[in-house]
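Chemist: Following this message is one structure expressed as structure tokens.
Quick note: the coordinates plus some simple rules give every number you see, no bench work behind them. Predicted, not measured: the structure shown is a model, and the values here were computed from it. Cβ: placed from backbone, ideal geometry, glycine included. Neighbour counts: every protein chain shown.
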Amino acid sequence: PAIGALERSFSKNPDTVIKYAEAFITAHRKFNILTTLKHFPGHGSALSDSHKGVTDITKTWSEYELKPFKSLINKNLADSVMVGHLFNRYLDKRYPATLSHKVIGNILRKQLGFAGVVISDDLQMEALSKYYSMKEIVIKSVKAGCDILIFANYFNPDKHLPKKVISILKQAVKNNVVDKQNIENSYRKIMKLKEKIKSPAL
């Protein structure tokens, strides 16, 4: 698996992952550092790299990959959750998780009860950019439920990228393609998350 081969996970055992994640998150919180759980709904069994193209986990993914997310959410240890560009036709027949309201809205929000900030993985990765335009990616990720959109902006750096993304969203709201309330709800969640950060004692 792509994640395990690069040692990007604590373990293949979800209970071990939970144990180390709890310690990691708790230690960071002592120094007012927020953490992000990733990659929802589970990248551990993926055999390919989403940096390079579609990562189809339909045949390898199993529900036990949700266990660490569920446990950490229930223990109030999930400051935010990053959704991966992972396609599973049993979860959504059409879209990868980052663009899927079925994955974010139904599984992460409703099934697991996560009410915090949802962050996209890098929206310029080839798992998306090969198949969707920038406009489609921005609009679909917001409508799916992402609160923060990540753009690494490293292959072909564009200093105007933030303005372009904002322009896409403004036009989408104006045309009633994106609900303004969704943007405002995301803003409130982000500000609430920031309130958790307090100046550490010197």
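Chemist: With contacts defined as alpha carbon pairs under 8 Å and 6 or more residues apart, what's the relative contact order of the chain in percent? Write down the numbers at each step before the final one.
Modeler: Details: 297 pairs, mean separation 38.1, N = 202.
Relative CO of the chain lands at 19 percent.
Chemist: Right, another one. Starting from the Cα gyration tensor of the chain, take the square roots of the eigenvalues, sort them a ≥ b ≥ c, and report rounded, prolate or oblate (rounded when a/c is under 1.5, otherwise prolate if a/b is larger than b/c, else oblate).
Modeler: Taking the square roots of the gyration eigenvalues as a ≥ b ≥ c, the chain is oblate.
Chemist: Sticking with this one: How much length would be gained if the chain were fully extended between residue 23 and residue 75, taking 0.36 nm per residue of separation minus their Cα-Cα distance, in nm to one decimal?
Modeler: On the way: separation 52, 0.36 × 52 = 18.72 nm, distance 1.24 nm.
Extra length from residue 23 to residue 75 when fully extended: 17.5 nm.
Chemist: Moving to a separate point now. For the chain, with only Lys/Arg (+1) and Asp/Glu (-1) charged at the beta-carbon, what is the dipole magnitude about the Cα centre, in debye rounded to 20?
Modeler: Its charge dipole is roughly 580 debye.
Chemist: In addition: Ranked by Cβ crowding within 10 angstrom, fewest neighbours first, how are 40, 114, 24 ordered?
Modeler: The most exposed by this proxy come first: 24, 114, 40.
Chemist: With a/c under 1.5 counting as rounded, go ahead and sort segment 130-202 into rounded, prolate or oblate using the C-alpha gyration tensor (a ≥ b ≥ c being the square roots of the eigenvalues; past the cut-off, prolate if a/b is larger than b/c, else oblate).
Modeler: Oblate, since a/c reaches 1.5 and b/c is not below a/b.
Chemist: Identify the chymotrypsin sites (Phe, Trp or Tyr not before Pro) of segment 144-188 meeting these criteria: DSSP loop state and at most 16 other C-beta atoms within 10 Å of the C-beta.
Modeler: Numbers: sites: 151, 154, 155, 187; in loops: 151, 154, 155.
Sites meeting the loop and neighbour criteria: 154, 155.
Chemist: Which GluC sites (Glu not before Pro) from segment 110-197 combine a DSSP loop assignment with at most 16 other Cβ atoms within 10 Å?
Modeler: Working: sites: 126, 136, 184, 195; in loops: 195.
Answer by residue number: 195.
Chemist: Amide H to amide H under 5 Å from residue 86: which residues, 5+ apart in sequence or cross-chain, H placed 1.01 Å off N in plane?
Modeler: Hits under the 5 Å cutoff: 97, 98.
Chemist: Do any trypsin sites (Lys or Arg not before Pro) in segment 76-185 lie in a DSSP loop with no more than 15 other beta carbon atoms within 10 Å, and if so, which?
Modeler: Values: sites: 89, 93, 94, 102, 109, 110, 130, 135, 140, 143, 159, 163, 164, 170, 174, 180; in loops: 89, 93, 94, 130, 159.
Passing sites in segment 76-185 are 89, 93, 94, 130, 159.
Chemist: Please order 141, 80 by the number of other Cβ within 10 Å, starting at the fewest.
Modeler: On the way: 141 26, 80 19.
Arranged by neighbour count, lowest to highest, 141, 80 become 80, 141.
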